[in-house]
1. Looking at A:GLY133, A:GLY174, A:GLY170 in this structure, which one is in a loop (DSSP other than H, G, I, E, B) and free of Cβ contacts under 8 Å to residues at least 12 places away in the same chain?
2. Limited to the range A:51-81, what total is found for residues that are in a strand (DSSP E or B) and among the polar types (S, T, N, Q)?
3. Find the residue count for the range B:164-198, including only residues that are out of contact with any Pro (no Cβ under 8 Å at 6 or more places or on another chain), of a type in the set (A, V, I, L, M, F, W, C) and assigned to a helix (DSSP H, G or I).
4. Quick check on A:THR107: is it at pLDDT 90 or above and either touching an Asp or Glu at 6+ places or on another chain (Cβ under 8 Å) or surrounded by 22 or more Cβ atoms within 10 Å (Cβ to Cβ) (or both)?
5. Just to be sure before I move on: is A:LYS391 basic (Lys, Arg), under 23 Å from A:LEU134 (Cα atoms), surrounded by 17 or more Cβ atoms within 10 Å (Cβ to Cβ) and away from every other protein chain (no Cβ under 14 Å) in the structure I sent?
6. So B:ARG224 fits all but one of (1) surrounded by 14 or more Cβ atoms within 10 Å (Cβ to Cβ); (2) more than 14 Å from chain A (Cβ to nearest Cβ); what number is the exception?
7. Limited to the range B:144-153, what total is found for residues that are touching a residue at least 24 places away in the same chain (Cβ under 8 Å) and touching a Gly at 6+ places or on another chain (Cβ under 9 Å)?
8. Of all residues in the range A:72-103 being closer than 18 Å to A:GLY53 by Cβ and among the polar types (S, T, N, Q), which is nearest to the other protein chains (Cβ to nearest Cβ)?
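The values are calculated or read from the model by the stated rules, or taken from the named source; none is laboratory data. Since we're looking at a predicted model, the values are computed, not measured. Methodologically, a virtual Cβ is constructed for each residue, glycine included, from the backbone with ideal geometry; neighbour enumeration extends over all protein chains shown.
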Amino acid sequence: MIKQFKQLAIASSVAAACLGAAIPAAQAAEEQFFMLPSYRVGPYGANGQSFYGGFIDYLSYVNQKGGIDGVQITWEECETEYNNAKGVECYERMKSKAQKAPGPIHTMSTGISYALVDKAAADKLPLAMMGYGLTSAVDGSVFPWAFPLVTTYQMQASAIIKFLKDKNAGSLAGKKIVYLYHDSAYGKEPILALEAESRLNKFDLVQIPVAHPGNEQGAQWQRIRQEKPDYVIMWGWGVMNMTAIKTAQKMGFPRDRMIGSWWAGSEEDTVPAGDAAKGYMSATWNVAGKDVPLIADIEKTVYGAGKGNLKDTSKLGTILYNRGVSAAVLSVEAIRAAQAKHGKGKAMNGEQVRWGLENLNITEARLKQIGATGLLPDVKTSCDNHEGSGKVKLQQWDGAKWVVLTDWIEGNKQLIHPLFQADAAKFAKEKGITPRNCAAEAKK
Amino acid sequence: MIYRETGQFKTSYAADQQIFPIRQDRVGIGILLAVAFLVVPAVAGNYWFNAILIPFLIFSLAALGLNILTGYAGQLSLGSAAFMAVGAYAAYNFQVRVEGMPVLLSFVLAGLTAAGVGILFGLPSLRIKGFYLAVATLAAQFFIVWCLTKFPYLSNNSSSGVISVPGVEILGFKFDTPASRYLLVLSIVVALALLAKNMVRSSTGRAWMAVRDMDVAAEVIGIRLMRTKLLAFAVSSFYCGVAGALYAFCYLGSVEPDGFSLDLSFKILFMIIVGGVGSIMGSFLGAAFILLLPIFLDISLPALAGLLGLPFDGATVSHIQLMVFGALIMFFLIVEPHGLARLWQIGKEKLRLWPFPH
C-alpha cells in the first residue's frame with residue numbers, strides 16, 4: 001500500500017515537472033544513445049569539428065522536432081584525436097551506456113573503424129563507416145555489424161573514371177592517369193579497383209605514394225611532371241591536400257585536371273590553398289551549401305534556439321558539416337526503419353538498429369520529406385549490399401565555393417563488387433567466420 | 001615498524017642472493033600477484049580489461065624491453081615502436097601462413113624475428129654512441145614502417161595494408177573474453193619480467209651495466225663489447241617484439257604500420273624516463289603514469305568542470321589534459337630526476353625507519 005502510494009507520488013511529481021517543462025511525459029522514458037568517438041583536436045581536428053558539429057546539430061534538430069517518433073536522442077562525445085588506441089579506449093568507455101539502445105557508431109577514421117569491426121560485432125553494436133573504413137564490409141554476409149554506407153572508395157574511384165571517360169568522348173584508351181595517394185590504409189584501398197579499371201579501359205595507371213602527413217611533395221610532383229599525365233587522381237587527407245594543390249601550381253600542373261577523393265574536397269582543403277585551388281575538382285557524396293532546405297532549417301531551428309554545436313558558425317553548410325548531417329540523417333532513418341518493424345515510439349536495441357541499417361530504403365521521395373533533396377543520394381541496403389548506393393557527384397572549386405558539376409554518377413558495380421566479395425571471403429577464411437546465407441534470409 | 005628486516009638472518013648464499021631478500025617484499029609481491037591473478041579477473045569490468053589493464057601490461061613489457069637496452073646497457077634507442085611492429089607483423093604472418101601454428105609459438109618466433117632485426121640495427125652501436133646512436137635507431141623506426149607499407153607480402157596482400165589478426169586459441173581454449181585475454185597477457189608479462197629481473201642480476205646484466213658506465217673500462221676487464229651490446233639489442237627487441245605481437249593479438253585486433261610511428265617510440269621512451277631508467281619496477285610505474293594519467297584526466301576533468309560550473313567542451317578538455325599532463329611530467333622530473341622508481345625506493349627506506357626516524 002505504502003509502495004503504491006510512493007509510486008503514485010513519484011508519478012504525479014514527474015507529471016507535474018514535465019508539465020512545467022512543457023515536455024510530454026511519455027517522451028522522457030524512451031531514449032536512444034549515440035556514442036560519438038569524435039575528434040576536435042590533433043592533426044585532423046578541423047575536419048572533425050565540422051563533421052561532428054553537423055552530426056550533433058541534426059540530432060538536436062530531431063530532438064527539437066519531437067525525437068524519432070517520440071524517442072529522444074542522447075549522446076556523449078569522447079575525444080579520440082584520430083588515434084586508434086584512444087578510439088578503442090573511448091569505445092570501451094561508452095560501450096556499456098550504449099548497450100541498451102545504441103545509435104550507429106561513427107568514428108570518421110579508417111584506422112579506428114578497423115580496430116572496432118570485431119569488437120562491435122562481439123558486443124552487438126552497429127558500426128557505420130560512411131565513406132571510409134573497411135570497404136569489404138559491403139558484403140554483409142561476412143560483416144553483419146559493419147556498414148560502409150552510401151559509397152566506398154572503390155566505387156568512388158570507378159565513378160571518377162566514368163566521369164573522365166564521359167569527358168573524353170567515351171574512351172580513355174592510351175591516356176595516362178597518375179594516382180597520388182596518402183600512403184596508408186585509406187590511400188591503398190582503391191588501388192585494386194583502379195587497376196581493374198585501367199585494364200578494362202586501357203589507360204596507363206601510375207601510382208605515386210605520399211608519406212604521412214604529406215606536407216612535402218616536391219619529389220612526387222617532379223615525377224608527375226616527368227610522367228606528363230592527362231589527369232591526376234588524388235586520395236589525400238588533411239594537410240596533404242592543400243600541399244598537393246599548391247605544389248601542382250608551382251610545378252605548372254593545371255588544377256582542373258586534378259580530381260580529389262571526397263576526403264580531398266572540402267573547404268578545409270581549398271581555402272588554405274588560396275588561388276591555387278581554383279579549378280580543382282573532387283568527388284563528393286554530399287553537396288555543400290545552405291540552399292538545401294534541411295540545412296537552412298537546422299540553422300533556423302537549432303541555432304535559432306541557441307543549441308548549435310558549432311562555435312564557428314561560418315562552417316555551417318560546408319562540405320564536412322553537411323556530411324555530418326547526412327551521416328546523422330542515415331542513422332536516424334535506420335532507427336526509424338527499425339521502429340517501423342519492431343514498434344514505433346520505442347527505443348531500439350543493437351540487433352534492431354542493425355536490422356534497420358540493413359533494410360534502409362531512402363528514396364528520393366523520402367529525402368524530399370526530410371528536406372534533404374540533393375544532399376545525398378538515394379540509399380537502399382540489403383544483406384549482401386551494405387553500401388546501398390555507390391553514387392557520387394563531381395564538384396569544382398570556383399575560388400570561393402564548391403560548384404556541383406554533375407548529377408549522381410554510379411561506379412561500375414559489376415566490376416567493383418566482386419572485389420569486395422573476394423576480399424570478404426579472404427577475411428572470413430583468416431578469421432574462421434562462417435558467412436550468413438543472404439539469399440536464404442531474403443526468402444524468409 | 002612493519003617494514004624492517006631485523007631478525008631475518010641469511011644463513012646461505014641462496015638466501016642472500018634471492019630476488020627479494022626481505023620477507024615483507026616477498027609477501028608484498030605475493031599478494032600483488034595473487035590480486036592480479038585472482039581478484040582482478042573477478043571484479044574488473046570489460047572497460048578495465050580492454051582499455052586499461054591490457055594496454056598497461058603490454059606497454060610495460062615494451063618499456064621493459066627498452067629499459068634493458070637504454071637503462072641497463074646504456075644504448076639510447078628510438079626504434080622501440082618499430083620493433084613492436086616487427087613483432088606484430090611477424091606473429092601475424094606465422095599465424096596466417098603456417099597451418100596449425102600454436103599462438104604462443106608464433107609469439108616467441110615474433111620475438112625472435114624482432115631480435116634478429118634488432119641485432120641488425122644494433123650493429124652501428126659498435127662504432128657510435130649516445131645521441132648519434134639514437135639517430136641510427138631512428139633509421140630503424142622509419143625503415144621498418146616504410147618496409148611494412150611497401151611490401152604487400154608482409155601484410156598478406158591486404159589491399160589496405162592493415163592486418164586484422166585471427167583470434168587467440170591455445171590448446172582448444174579460445175581467449176575471446178577480455179578477462180581471459182588479460183590473464184594470458186598477465187602471465188606472459190610476469191614470466192618475461194621475472195626473466196628480465198634475473199637477467200639483470202646475472203653476469204649478463206652486470207656486463208651490460210659495466211658497458212653502460214664506461215665501455216673502455218669494461219673492455220679492459222675482459223667484457224666482449226660486441227657480444228654484450230648486440231645481446232642487449234637482441235633481448236630488448238625480443239621484449240618489444242612480444243609486446244607488439246600482444247598489442248596486435250590481445251589488444252587492438254588490427255594494426256597498420258602507421259600505428260607504430262615515432263610518436264609511439266617516444267611514448268615508450270618517456271615511460272622509462274618518467275618511471276626510472278635502469279629499473280624493472282620503473283618500467284611498470286612509467287607505463288602506468290604515461291598511459292593511465294591521460295585517461296584519468298579525460299574522465300575527471302569534465303566532471304570537475306561540471307562541478308565548478310565551467311563551460312568546457314570536449315576540445316578544451318583535451319587541450320587542458322595535454323597541459324596538465326606535460327606539467328606533471330616536468331614536475332616529476334624536477335622533483336625526482338631518477339624517476340618514479342627512485343621515489344618508491346626512497347619511500348621504502350623511509351618506511352624502514354618509521355615511526356622513529358632517529
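1. Just a single option satisfies the conditions, and that option is A:GLY170.
2. So the first thing to find is which residues in the range A:51-81 are in a strand (DSSP E or B), and the list is A:68, A:71-79.
Imposing the further condition that a residue be among the polar types (S, T, N, Q) reduces the set to A:72, A:74.
Total satisfying the criteria: 2.
3. Final tally of qualifying residues: 12.
4. Judged against the criteria, A:THR107 is a match.
5. Details: basic (Lys, Arg): yes; under 23 Å from A:LEU134 (Cα atoms): yes; surrounded by 17 or more Cβ atoms within 10 Å (Cβ to Cβ): yes; away from every other protein chain (no Cβ under 14 Å): yes.
Yes.
6. (1)
7. Summing the residues that are touching a residue at least 24 places away in the same chain (Cβ under 8 Å) and touching a Gly at 6+ places or on another chain (Cβ under 9 Å) in the range B:144-153 gives 3.
8. Ranking the qualifying residues of the range A:72-103, first place goes to A:THR80.
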